[in-house]
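Engineer: Pasting a structure here, questions to come.
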Amino acid sequence: MNTSTPGAPRNGARWLTQALEAEGVQTLFGYPGGTIMPFYDALVDSSLKHILVRHEQGAALAANGYARASGKVGVCVATSGPGASNLVTGIADAMLDSVPMVCLTGQVGTPLLGTDAFQELDVFGMTMPIVKHSWLVRSVEELPQVVAEAFRVAREGRPGPVLIDLPKDVQLADASHLPDHRPATVDPVPAPEAERLAAAIELIAAAEKPVIYGGGGIGLADAVGEFRQFVEASGIPTVLTLRGLGALPANHPQYLGMLGMHGTRAANMAVQESDLLIVVGARFDDRATGKLTEFAPFARVIHLDADAYEIAKLRSVDVAIPGNVATALRALTPLRGNCNAWRARCAANREKFTARYDAPGQDIYAPALLKRLSEVAPADTVIACDVGQHQMWVAQHCRFNHPRNHLTSGALGTMGFGLPAAMGAQFACPERTVVLVSGDGSFMMNVQELVTIARCRLPVKIVLLDNSSLGMVRQWQELFFAERYSEIDLSDNPDFAALAQVFGIPATRITQRAQVEDALAALLDTPGPALLHVSIDARANVWPLVPPNNANSTMLDSNPAHAKQRRRVPMQYRLDLVLKPAEGALVRVIGMVERRGFSPSNIAGNRNADDAGRWHVQMDIHGTRPPETLCHQLRKVYDCESVQVVPVAGTPV
């Protein structure tokens with residue numbers, strides 16, 4: 001049956017495309033399939049720009065990145081069943097980070113609902129905990145109210161994702177009698193109460209060690225300008241959360257850095273000593289507070305937030321100020337804090353504990369590379385990142401002039417977020433530089449979207465930090481699981497530069513810090529997309545670090561166990577093993593030896609006389625660590641026929 005006859009009455013799908021245009025939607029991301037075909041047919045006659053991704057998760061995360069970078073509603077589309085379920089992670093990510101999205105999913109026809117029809121899945125029920133609201137449209141007459149409500153709910157108050165499930169027969173139904181779409185009015189966030197503001201002013205005037213603690217709600221409330229004016233006028237030292245980065249320029253004299261698990265010492269020390277916390281758009285997340293019962297133990301709390309349910313959810317407050325954050329900040333701005341000595345002390349700590357970039361050796365030091373990237377890229381560059389060590393290095397060492405320029409999966413921690421999010425940001429901000437910083441683990445999660453970037457010639461610049469391991473998991477296993485490394489080895493990664501080139505994307509690989517300056521310049525100067533594959537030390541860790549369930553005052557700058565190891569006398573061992581034949585096996589073994597803290601030398605190998613298919617390999621290894629973990633990993637990861645280690649003196653270990 002031909003459902004797209006020229007001149008045919010407007011059906012539900014065509015009405016929907018016109019409604020999206022009326023809502024100001026210009027770009028949407030999706031992947032077609034059976035039950036959403038009427039909508040895709042209607043796109044042919046629409047002004048909407050549809051981006052064909054290569055996996056539905058890429059569609060949801062691209063819409064997510066589009067919304068984060070622009071402040072507009074992101075839109076993604078998928079068919080029923082597996083298409084809809086593939087959107088779930090991207091929807092959950094948007095919900096937890098308060099990102100406005102409208103997700104459209106096809107559904108089997110209404111007569112087939114509940115019959116286990118082909119590709120039928122209850123996406124309405126499945127997504128209920130991870131959306132602000134969802135609708136299953138059962139008749140074409142419901143479309144005007146549902147679409148208007150969906151965009152209103154996504155935008156209003158604390159933003160977030162919504163879902164519209166569209167049965168195929170509703171899309172095909174006659175909609176010629178429906179009125180043209182009119183967007184619903186978004187109710188403004190209520191103004192704060194004057195009595196609460198007066199109480200806050202009283203507390204600020206009396207405080208001797210106040211700290212402003214800003215979060216992602218500042219950007220969500222479009223209150224960046226008001227926040228900066230308040231910080232400047234009050235003179236109060238300020239810290240920011242991961243999602244709040246960019247709310248205050250990194251070089252502002254009152255800015256102490258990010259607080260929390262991987263925050264700066266100056267920020268965490270100030271919060272722990274403070275007698276008043278002025279919390280603006282933050283929610284006392286566990287990665288920011290550390291052990292909550294020991295967080296800011298001497299501080300009274302003023303909490304400003306558009307979402308009243310976040311106030312006193314985890315920490316009792318002395319003054320709660322729900323409502324419009326920008327309005328509240330304007331009311332507090334004329335006040336000047338009486339904290340000159342405290343401000344000077346915090347500034348001295350910031351200088352004392354500033355990050356150092358003079359790491360020894362010639363290998364590439366990731367924090368220094370990212371700091372330099374931030375310096376040479378345009379000031380309004382959007383940096384997206386994935387999840388892991390590189391995410392924390394970006395937060396610590398890159399500078400942002402607005403929260404929308406820092407795209408990071410904060411609450412959900414979605415590996416694979418970065419590539420599609422950067423793609424969405426580039427569509428949202430076509431005139432600006434967009435950089436993706438990713439790790440070798442996360443990058444492979446949505447690597448298929450390189451095709452989308454290449455097809456659309458999106459000028460996204462990719463910096464891929466490759467330590468051939470799941471770096472953050474490895475760091476935690478090193479610190480908190482007695483170096484019992486389990487399933488973190490990625491030494492069989494592909495050649496990422498060659499992989500990018502297969503997709504038609506120019507790529508370069510660097511291994512030495514002397515190459516960094518020219519490589520960054522070449523990356524940023526390349527027209528269109530480009531990838532820089534950066535090899536870094538697999539043993540590099542993110543410092544500082546607050547151990548889990550510890551107070552933020554207990555920060556580590558190195559592994560305490562390694563301090564003991566440095567006092568040990570270096571030992572030399574002979575490693576003797578038999579390898580099954582596999583391409584690159586010896587290279588991977590050497591990499592494993594080095595990542596476990598040993599230096600290999602005198603490497604020799606020959607085919608086993610008993611079995612020509614196997615290799616007998618010997619090498620000397622030097623180090624201060626016991627070799628048992630290395631032996632265990634070699635047996636487990638590389639399926640060695642045998643592994644033996646003896647000291648040079650000849651006594652078996």
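The values are calculated or read from the model by the stated rules, or taken from the named source; none is laboratory data. If you're wondering where the values come from, they're calculated on a predicted model, not measured in any experiment. Virtual Cβ from ideal backbone geometry, glycine too; neighbours counted across all protein chains shown. Ligands, DNA and RNA are excluded from the accessible area calculation, which covers all protein heavy atoms including side chains. Shrake-Rupley method; radii C 1.70, N 1.55, O 1.52, S 1.80 Å.
Engineer: Between the alpha-carbon centers of the stretch 207-262 and the stretch 343-369, tell me the distance in whole angstrom.
Structural biologist: 20 Å
Engineer: A further question on this structure: For the stretch 156-172 and the stretch 9-41, what is the separation of their C-alpha centers, rounded to whole Å?
Structural biologist: 12 Å
Engineer: Separation of the stretch 491-556 and the stretch 430-481 by C-alpha centroid, Å?
Structural biologist: 8 Å
Engineer: Which value at 222 nm does the chain reach when only helices count, each DSSP H run of 4 or more adding -39,500 (n - 2.57), with the total divided by all residues and rounded to the nearest 500 deg cm²/dmol?
Structural biologist: Mean residue ellipticity at 222 nm (helix-derived): -9500 deg cm²/dmol.
Engineer: Extending each Cα 7 Å along its Cβ direction at PHE118 and HIS402, get the distance between those two points in nm, one decimal.
Structural biologist: 4.7 nm
Engineer: Could you grab the relative contact order for the chain? Cα pairs under 8 Å, six or more apart, rounded to a whole percent.
Structural biologist: 11 percent.
Engineer: Something else: On a full-extension model of 0.36 nm per residue, what is the gain between ALA22 and ASP222, subtracting their alpha-carbon distance, rounded to one decimal in nm?
Structural biologist: 69.7 nm
Engineer: Here's something else I'd like to know. Just one of [x] 150; [y] 180; [z] 167 is volume of the Cα convex hull per residue in Å³ calculated from these coordinates, so which is it?
Structural biologist: [y]
Engineer: Please sort 286-298, 527-539 by packing, taking for each peptide the average over its residues of neighbouring beta carbons within 10 angstrom, highest first.
Structural biologist: In decreasing order of mean packing, 286-298, 527-539 become 527-539, 286-298.
Engineer: Provide Rg and Dmax in Å for the stretch 1-140, with only Cα atoms included in the calculation.
Structural biologist: Considering the stretch 1-140 through its Cα atoms, Rg and Dmax are 14.6, 44 Å.
Engineer: For THR293 and ALA198, FRET efficiency with R0 = 30 Å and r from the beta-carbon atoms, rounded to 0.05?
Structural biologist: With a Förster radius of 30 Å, E is 0.50.
Engineer: For the stretch 68-199, how big is the tail of P(r) above 17 Å, as a whole percent of Cα pairs?
Structural biologist: The proportion of pairs with Cα distances above 17 Å equals 61 percent.
Engineer: Starting from the Cα of ASP495, step 7 Å along the direction of its Cβ; do the same at ASP180; then give the gap between the two resulting points in nm.
Structural biologist: Computed distance between label sites ASP495 and ASP180 equals 5.8 nm.
Engineer: Along the positive direction of the dipole of the stretch 418-493 (beta-carbon charges: Lys, Arg +1; Asp, Glu -1; about the Cα centre), which of VAL451, SER468, SER491 reaches farthest?
Structural biologist: VAL451
Engineer: Over the chain, with every protein chain in place, what whole percent of the accessible area is carbon and sulfur at 1.4 Å, could you tell me?
Structural biologist: With neighbouring chains kept in place, the figure for the chain is 53 percent.
Engineer: What figure in square angstrom, to the nearest 10, would you give for the accessible area of TRP615 with a 1.4 Å probe?
Structural biologist: Spelled out: TRP615, probe radius 1.4 Å, area about 100 Å².
Engineer: Say the dipole of the chain comes from +1 at the beta carbon of Lys and Arg and -1 at that of Asp and Glu; which of ALA355, ILE51, GLY605 then lies farthest toward its positive end?
Structural biologist: ALA355
Engineer: Using the Cα centre as the reference, give the magnitude of the dipole from point charges on the C-beta atoms of the stretch 33-123 (Lys, Arg: +1; Asp, Glu: -1; all else neutral), rounded to the nearest 20 debye.
Structural biologist: Value, rounded to 20: 380 debye.
Engineer: Further question: Tell me the label-point distance for the pair SER558, PHE480, using the 7 Å Cα-to-Cβ offset, in nm and rounded to one decimal.
Structural biologist: Using points 7 Å along Cα→Cβ, the separation is 2.3 nm.
Engineer: For a protection proxy built on the mean count of beta-carbon atoms within 10 angstrom, sort 105-116, 333-344 highest first, please. List each step's numbers first, then the result.
Structural biologist: Working: 105-116: 17.5, 333-344: 15.3.
Ranked from most to least packed, the peptides come out as 105-116, 333-344.
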